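Trainee: Below is the structure I would like to discuss, written out as structure tokens.
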Amino acid sequence: MQLGEIEKVKKEKIVFPRGFLWGASTSSHQVEGGMNNDWSDWEESNANGLAEEAKIKWSQWQKVNFPEMLKADNYISGRACDHYNRFSEDFEIARKLGHNAHSFSIEWSRIEKEEGVFDKREIEHYRMVLEDLKKRNIRPFVTLWHFTNPLWLRDLGGVECKKFPFYFSRYAKFVVEELGDLVDFWITFNEPNIYTANVYVNGKWLFGKKDIMSAIRVFKNFAKAHNLTYDEIHSIRKGTNVGLANNILYFEPYYKKSPFDIVGAKILSHIVNREILNMTKGKHDFLAIQYYFHRLVNFPRGVMEGHGIASDMGWEIFPKGIYHVLKSMSKYKLPIYITENGLADSDDSRREQFIKNHLYWVHRAVKEGVDVKGYLHWSLLDNLELDKGYWPRFGLVEVDRDTLERKVRPSALRYAKICKDNGFEMEIRE
Ligand code: BGC
């Protein structure tokens, strides 16, 4: 816009298809508290190292605004949000916010603390969780594995263990037999691509291997375990929906006309986004898509992050990427649910616009025929952001770290209106 020109504001009505699901997501390790799994074990021995690393990893602005990142206890999940005990209170907040769907994960290390011994009391706990959601007319998406393993499995090699597909499907079978009557959407694995990259390729998480052969074995194990479990779940409960949640990145050629950049972006998108989906072809009733990242691909410079408005963690905010991701995923011809999309925004200055801008592009994809059936924001609560600990605040609902008191953020109220109205009016500035 030139100086002196008058800015035009156009209003566009964004209406989503009838029956669209709205809500938010969490994962057991990040919110429940009281964990005893491979991740909590790792936290205990690595918290000091992570706090030390933060000194060089983050900018001055981040260190000043989130000084807790320099302390070891920021990295220990501990009581987390105590969601294990407060789920009812949290679901009541979600209900009041107009959510009609919720995604959470079941903690394997609770259900099968010792190999082959299944804990019925923990099943009863998750039954209460599911009944609580049902009572509030909130439909659950249940993930069976969100990055954590029981300690006995860790000792056998974790996901890399040869018998992993057997162990996982046996656990899944038990859970689905016990709880299947209350669940319409099962997600076997959360983001096998991100886990494999962070544990086995760049070695950032857990024991941190950098071994490409291990990464390949792990990827194959995820696929095998998913395929086995898909059949298992369907033999227990016909008509249920089974999927796998993948983090889909938008890889964009840096120079739109450079054949190298175009091919580079295609290859990366194939390996990172689609490989696991191709290895599990025919074993999905829906796609669970999680979108956070946009990457620019250039030869010979490599893969770069774009600049512009960023979250507290410095992650670029690039809403149009979700449109490209959805368009590219539509080739699988399956219903799509967005099961994660969100940002760390402690002062809540960007979240409302983040949600609206992403939804604008989701809607654009829907208008062009992509079968998107739901949007679940990450996250319902401020929680343990994995190896970054508690300083990044992803919640629609703020959680006070000392008192654990919940406070609904203003953006959550704006999102609530969208959920209730099944759409919103978008202001487009020209
Ligand atoms: C993961 C979550 C994580 C979120 C934000 C997703 O990739 O599934 O566990 O908290 O990203 O980083």
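Just so it is clear, none of the values below were taken in a lab; they were calculated from the coordinates. Being a predicted model, the structure only gives us computed values, none of them experimental. Positions of Cβ are generated from backbone atoms using ideal geometry, with glycine treated the same way; all protein chains shown enter the neighbour counts.
Trainee: In Å, what Rg and Dmax follow from the Cα atoms of the stretch 107-261?
Mentor: 17.6, 59
Trainee: Report the Cα centroid-to-centroid distance between the stretch 246-278 and the stretch 15-55 in angstrom, as an integer.
Mentor: 27
Trainee: Between T240 and K135, what is the spin-label point distance in nm, taking each point 7 Å from the Cα along the Cα→C-beta axis?
Mentor: Simple spin-label model gives 2.3 nm for this pair.
Trainee: I'd like the antiparallel share, as a percent to the nearest 5, of DSSP beta bridges with both residues in the chain. Mind dumping the intermediate values first?
Mentor: On the way: 16 of 52 bridges.
Approximately 30 percent, going by the DSSP bridge assignments.
Trainee: What percent does the relative contact order of the chain come to when contacts are Cα pairs within less than 8 Å and at least six residues apart?
Mentor: It rounds to 21 percent for the chain.
Trainee: Just rank E7, E427, fewest to most, by other beta-carbon atoms within 10 angstrom.
Mentor: Numbers: E7 7, E427 10.
Neighbour counts put them in this order, fewest first: E7, E427.
Trainee: Taking the highest mean first, how do the peptides 192-202, 207-217 order by number of other beta carbon atoms within 10 angstrom per residue? Mind showing how you got there, number by number?
Mentor: Values: 192-202: 20.2, 207-217: 13.9.
In decreasing order of mean packing, 192-202, 207-217 become 192-202, 207-217.
Trainee: A further question follows. Compute the separation of the alpha-carbon centres of the stretch 123-157 and the stretch 180-243 and state it in Å as a whole number.
Mentor: Between the Cα centres of the stretch 123-157 and the stretch 180-243 lies a distance of 15 Å.
Trainee: Over 21 Å between C-alpha atoms is what I'm after, so list which of K10/K257; K71/K388; K320/K356 land there.
Mentor: Correct reply: K10/K257.
Trainee: Now a separate question. Please give the FRET efficiency for N48 paired with K13, using the beta carbon to beta carbon distance and R0 = 56 Å, rounded to the nearest 0.05. Each step should come with its number before you reach the end.
Mentor: On the way: r = 53 Å, r/R0 = 0.95.
Once rounded, the FRET efficiency stands at 0.60.
Trainee: Name the helices (complete DSSP H segments) of the chain with a Cα length along the long axis of 18 Å or more and a Kyte-Doolittle mean of at least -1.0, or state none.
Mentor: In the chain, the long hydrophobic H runs are 164-179, 212-236, 351-367.
Trainee: A follow-up question, please. Neighbouring Cβ atoms within 10 Å as the yardstick, rank R401, R351, R429 fewest first.
Mentor: By the 10 Å Cβ count, ascending, the order reads R429, R401, R351.
Trainee: Take every Cα pair under 8 Å in the stretch 29-137 that's 6+ residues apart, average their separations, divide by the length, and report that relative contact order as a whole percent.
Mentor: Relative contact order here is 30 percent.
Trainee: Tell me, how many Å apart are the Cα centres for the stretch 391-429 and for the stretch 62-119?
Mentor: 18
Trainee: Which three extents, in angstrom, do the Cα atoms of the chain have along their principal axes, listed largest first?
Mentor: Answer, in whole Å and largest first: 72, 51, 47 Å.
Trainee: Let me ask another. Label R127 and K57 with points 7 Å out from Cα along Cα→Cβ: what is the distance between them in nm?
Mentor: 4.1
Trainee: Fewest to most neighbouring Cβ within 10 Å: what's the order for D387, D421?
Mentor: D421, D387
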